[in-house]
Amino acid sequence: MRYHTEYLIIETAQRYEIRDITDEVARIVDAANVVEGMVLVSAMHITASVFVNDHEPGLWSDIMTWLEALAPAKPEYLHHRTGEDNADAHLKRMLLGQQVLLPITKRELDLGPWERVHYGEFDGCRRKRVVVKVMGD
Amino acid sequence: MRYHTEYLIIETAQRYEIRDITDEVARIVDAANVVEGMVLVSAMHITASVFVNDHEPGLWSDIMTWLEALAPAKPEYLHHRTGEDNADAHLKRMLLGQQVLLPITKRELDLGPWERVHYGEFDGCRRKRVVVKVMGD
Amino acid sequence: MRYHTEYLIIETAQRYEIRDITDEVARIVDAANVVEGMVLVSAMHITASVFVNDHEPGLWSDIMTWLEALAPAKPEYLHHRTGEDNADAHLKRMLLGQQVLLPITKRELDLGPWERVHYGEFDGCRRKRVVVKVMGD
């Protein structure tokens, strides 16, 4: 069994941003050099998401609008008594999820035609990490 | 380490539908012939979900009603400028999740008494795939 | 490849409760004695969640308030025709998710600085199980 672990560093220019990271994940899968296996892609920060959806900027805007409606930024959260102001980010990240596990089959990411891996940032403008860990043979 | 990959083909009769796929997953786990391991069950389309919940048609209706309240079908999504009409399906699939990873222990799916694997379709009436990949020994 | 499976027994004092289970998971990872691998932590009951977020009681309250707003307890669910009264718990558990897969690197849980594993109970006051399964070498 082969293991290969890398960490993507992501620093967005905006507080809220969605970014397609499929190519970085595919590069790491290539570097792992396995024929069969799985790759875990997981946000290491609790105000960010990793999810699979369509590479389509209109949809990315729809997702952000929808997240804001379901988990709005507002002062009243109890979490803000700690001095933080990002409780909405903790909730938004739960809606999209923190991680995905992708199959590797015949040396390739085994994805459907429209599946693309995305990073969702809800408290950006600072360095965050995403762990990408391959297990396989 | 043994790997075994199959693809379920699902074509629902309705645009929105929930279907229990536990028996198909269990059959594939049997075919993989591993004593210990894990099986990934993941929707390969970005308008569908794979999730674990109760096999109970009343609850399935509750889930669909609830998804429609939180992520309604409506014309105004920006995604629809591409010609698509299914932005709600992209959002609904995020709420239920795209995949589950199930433990295999002593040759069996290691599930709780009420855990059943379901496929959730939000843009159906066409062929979709679910990847089922077993890793184990 | 080494496999190590344990089951946490959790019985909350309250119907709705969030509990940090990171230390139990770390103990099981230690017991598994692997250098590289992954650990699955998954609720075996369909009215409970396992998720990663901040260890902060104010945020835990915010999460519960938010879940109640998005998936309220109320009599009208169709699921209640079966005699159950916990349809809201089935929905709340979908919002937070049922499981996480955590990387193990150099013998340790490979988590970000604020990542903590939590159990979310939405129909408590009885014994529930969480499966913790390590795969690694």
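The values are calculated or read from the model by the stated rules, or taken from the named source; none is laboratory data. Values in this document were obtained by computation on a predicted structure and should not be read as measured data. Because the Cβ atoms are built from the backbone with ideal geometry, glycine has one as well, and the counts that use them run over all protein chains shown. All accessible areas refer to the heavy atoms of the entire protein, side chains included, with ligands and DNA or RNA removed. Shrake-Rupley method; radii C 1.70, N 1.55, O 1.52, S 1.80 Å.
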Note, the range B:4-16: 3J(HN,Hα) by Karplus (6.51, -1.76, 1.60, θ = phi - 60°), whole Hz, Gly/Pro = x, goes 9, 10, 10, 10, 7, 9, 10, 10, 7, 7, 10, 5, 10
Among all the lysines, which ones have a C-alpha under 26 Å from C:Lys92's C-alpha, if same-chain residues fewer than 8 places away are not counted? A:Lys74, A:Lys92, B:Lys74, B:Lys92, C:Lys74, C:Lys128, C:Lys133
Taking Cα atoms, the helix B:22-32 axis meets the longest principal axis of chain B at an angle in degrees (rounded to 10) of 40 degrees
Under-5 Å amide H pairs with A:Asp110, H placed in peptide plane, nonlocal only: A:Ile104, A:Thr105
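First select every other residue whose beta carbon is under 12 angstrom from the beta carbon of C:Asp88; then total the charges, Lys and Arg +1, Asp and Glu -1.
Combined, the nearby Lys, Arg, Asp and Glu give -2.
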Hey, what do the phi angles of the range B:122-136 turn into as Karplus ³J(HN,Hα) couplings, whole Hz, using 6.51/-1.76/1.60 and θ = phi - 60°, x for Gly and Pro? 10, 7, x, 6, 8, 5, 10, 10, 10, 8, 10, 10, 9, 10, x
Can you give me the distance in nm between label points at C:Asp23 and B:Arg2, each placed 7 Å from the Cα along the Cα-to-Cβ direction? 4.0 nm
³J(HN,Hα) computed for each position of the range B:63-69 - Karplus, 6.51 cos²θ - 1.76 cosθ + 1.60, integer Hz, glycine/proline x: 4, 5, 4, 5, 4, 5, 5
Would you mind pulling out the separation of the Cα centroids of the range B:84-109 and the range B:55-80, in Å? 15 Å
Residue-count net charge about B:Asp20 - beta-carbon cut-off 15 Å; Lys, Arg +1, Asp, Glu -1: -4
Please tell me the relative contact order of chain B in percent, rounded to the nearest whole number, where contacts are Cα pairs under 8 Å and at least six residues apart. 55 percent
Check which residues have an amide H placed less than 5 Å from A:Val117's amide H, if you skip close sequence neighbours. A:Ile21, A:Thr22
Looks like the protein assembly as shown, by Cα gyration tensor root eigenvalues a ≥ b ≥ c and the a/c under 1.5 rounded cutoff (else prolate when a/b is bigger than b/c, oblate otherwise), is rounded
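Any chance you could run the full-extension gain for A:Glu76 through A:Ala13? It's 0.36 nm times the residue separation minus the Cα-Cα distance, nm to one decimal. Before the final figure, lay out each step's value.
Numbers: separation 63, 0.36 × 63 = 22.68 nm, distance 2.62 nm.
Working it through step by step, the gained length comes to 20.1 nm.
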Sorted by chain and number, the residues with a modelled amide H under 5 Å from that of C:Thr12, at a separation of 5 or more or across chains, are C:Cys125, C:Arg126
Return the loop-located GluC sites (Glu not before Pro) in the range B:1-37 (DSSP other than H, G, I, E, B) with at most 13 other Cβ atoms within 10 Å of their own Cβ; answer none if there are none. B:Glu11
Ignoring any ligand, DNA or RNA, what whole percent of the accessible area of the range C:17-137 comes from carbon and sulfur when the probe is 1.4 angstrom? 51 percent
I want to check the label-to-label distance for A:Leu109 and C:Arg126. Put each point 7 Å from Cα in the C-beta direction and report it in nm to one decimal. 4.2 nm
